Amino acid sequence: MMAMEKDPLLKPAGEVALLMGNEAIARGAIEAGICVASTYPGTPSSEIADTLSRIAAKLGIYMEYSTNEKVAMEVAGSAAIAGLKSMVSMKHVGLNVAADPFMSLAYTGVRAGMVIVTADDPECFSSQNEQDNRIYSILSGMPMIEPSNPQEAKDYTVLAFEISEKLKLPVILRTTTRISHCRMNVKLGEIESKGYEKQTFKKSMQELVLLPANARVLHRRLLQKLKEARKISEAFPGTKVVGEENDIGIISSGAAFNYAMEAVKATSEKIPVLKIGMTNPLPEETILDFLENKRLVIVVEELSPFLENYVKKLIAEFKLDVEVHGKDVIPEYGELNPSIVYEALAKIIGKPVKINLKTIENVPRRPPVMCPGCPHRSVFYIVRKVLGDKAIYPTDIGCYTLGALPPYMAGDLLFCMGSSIGTSSGLSKAIKEPIVAFIGDSTFYHAGIPALINSIYNKAEFILFVLDNRTTAMTGHQPHPGTGITGLGERTSEVKISNIVKGCGVKYVKTVDPYDLRTLEETFRDALNASGVRVIIARRECALLSVRRKIKEGKQIKPYRVDKEKCRGCMLCVKQFACPAITVKDGKAHINERLCVGCGVCAQVCPFNAIGEVK
């Protein structure tokens, strides 16, 4: 036990640990006695499962990185139906992928506690949209709670399991990027996860097999459970009024509550804030009590007017004389901050704006770039060298999405995970230009395989690059079926992409090392002269993993250097290859040897042989 306590997640009850919101959720899960955890990694949720992966074996928890969110939902849901407490975590768009089993789990219910974590991403920090997953709680009929800080993230996770066990329903724990990634000292409770025994499955066709006749009955049962959930919502300990009584009030929840409190403090006004911890079902009686003596209420929330619409509904239904403001003064897009809320509050209550709460001003933009030595860079460089703007480039979700940015400009269409293959199939029937698509290894396993089968079946015409960097790189280097490692760190079968592609019926399959520019270019030109769906697997380990392993093994990383005498200043390596380790100094290319990982690809790019390994 002494070794375990060195990990802050495994400190004993009563102690305090500095935890990220996601880490706090993981701690809450083990305090609740979780047995099974599943996920498909996605920022801002990734650290929940990464944390559990680190400690699962020590506590006898089963943890897995599933091939996608739908599978992860099915794994956790079936475990909870079998009688084992489970949790599944994903980013907001992941719930779209998992929506099919998610909706059905509300009907079947669960026999042990199940928590579904959805981490929303206002401002699209690492996502393709800003969807507000609070709507999913209404759509499904599942209870939902929202923490405002890491301490609540831990405590609410425990409460979520308790509510789930009481209602026999999964419970949604919704966070946002700020809650997931902020840190604070968290007071810890007792760890209940101490291993588990496999259960004997209890059959019940009427409850667990969603034939129409069963589903109709189960829907009515779900509605009855929601009536019980409303009583729980009224008594939820995280719902409270903060501040002194006034005829002006604020209603808020989640991260927005923190901004509201800071804005109120900045005004020096006595404005009470109703903080709602359980946001589905909403605590109707609590809200009505808060509205009773108010002439004006401001609803502070990020994204859609979820709370605002419900407050307006109550006001209309009970014929209250209360003025309501929300999205008329607060944006329905992007992430809020104290300054935005303060300015809205000042406008409504007529207080002049004297304080600027913005803390970040005139900061230079730092657009994301692929890392030095990234194997994806070579693919985009060669594709653009050969075809330039003559082709259409559907792309996908991953580090390689950065290939859509200058100087490569190889990203013309992107919807979601796996869409590069499906859209290429559709485009091949609709446009004249050649199509070159890109998808990563983890994304291929996640959602690319059905689309590839569809493309072969329907005789599509395009080239697909599977950019296999041997990991799920963008979200933190989690394993996937191609790595041969499980979430518990155990060896398992390596599911080879080349075998899958051939099994789907692809005739043209080539595997190349993207660091070998000549072979890469020759293979690409050959594929252009072939027909049908052609797959080129560009296989090379992520440069970050490679460097870390070399450092761990004590191996020297030999950087490259520019020979100033040979360099003609053509800037091909800077403007077209665009490795961030290469800059310009005195009109010549210059390599920052502290950034260079020694891949040597730039030496192959240089037409004047001016780049070589440092001797």
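A few comments on the model shown:
- Stokes-Einstein D (µm²/s) once Rh is taken as the Kirkwood radius of the chain over alpha-carbon pairs, at 37 °C in 0.692 mPa s: 123
- Taking every DSSP beta bridge that has both ends in the chain, the antiparallel portion is near 25%.
- Amide H within-cut-off set for L296, under 5 Å, with H built and near neighbours excluded: G249, E323
- Greater than 18 Å apart at Cα, pairs in K564/K585; K294/K319; K550/K585; K510/K575; K85/K194: K550/K585; K510/K575
- Overall, the anisotropy analysis places the stretch 43-165 in the rounded class: the square-rooted eigenvalues a ≥ b ≥ c of its C-alpha gyration tensor yield a/c less than 1.5.
- Cα gyration tensor, the stretch 1-72 - rounded (a/c under 1.5), prolate or oblate: prolate
- Solvent accessible area, Å² - D100, 1.4 Å probe, full protein context: 110
- Longest to shortest principal axis, alpha-carbon extents of the stretch 505-569, angstrom: 44, 37, 12
- Accessible-area composition of the stretch 171-241, carbon plus sulfur, in percent [1.4 Å probe]: 53
- Net length gained if the chain between R548 and I456 were fully extended (0.36 nm per residue, minus Cα distance): 29.2 nm
- Cα shape, the stretch 117-159, gyration tensor, a/c 1.5 rule: oblate
- Dimensions of the stretch 480-611 along the principal axes, based on C-alpha atoms and rounded to the nearest Å, stand at 53, 43, 18, largest first.
- Net length gained if the chain between R365 and E490 were fully extended (0.36 nm per residue, minus Cα distance): 40.9 nm
- Within straight-line reach of K502, meaning a Cα separation under 17 Å, sit the following aspartates and glutamates at least 8 residues removed in sequence or on another chain: D441, E461, D468, E494.
The values are calculated or read from the model by the stated rules, or taken from the named source; none is laboratory data. If you're wondering where the values come from, they're calculated on a predicted model, not measured in any experiment. For accessibility, only protein heavy atoms count, side chains too; no ligands or nucleic acids. Shrake-Rupley method; radii C 1.70, N 1.55, O 1.52, S 1.80 Å.
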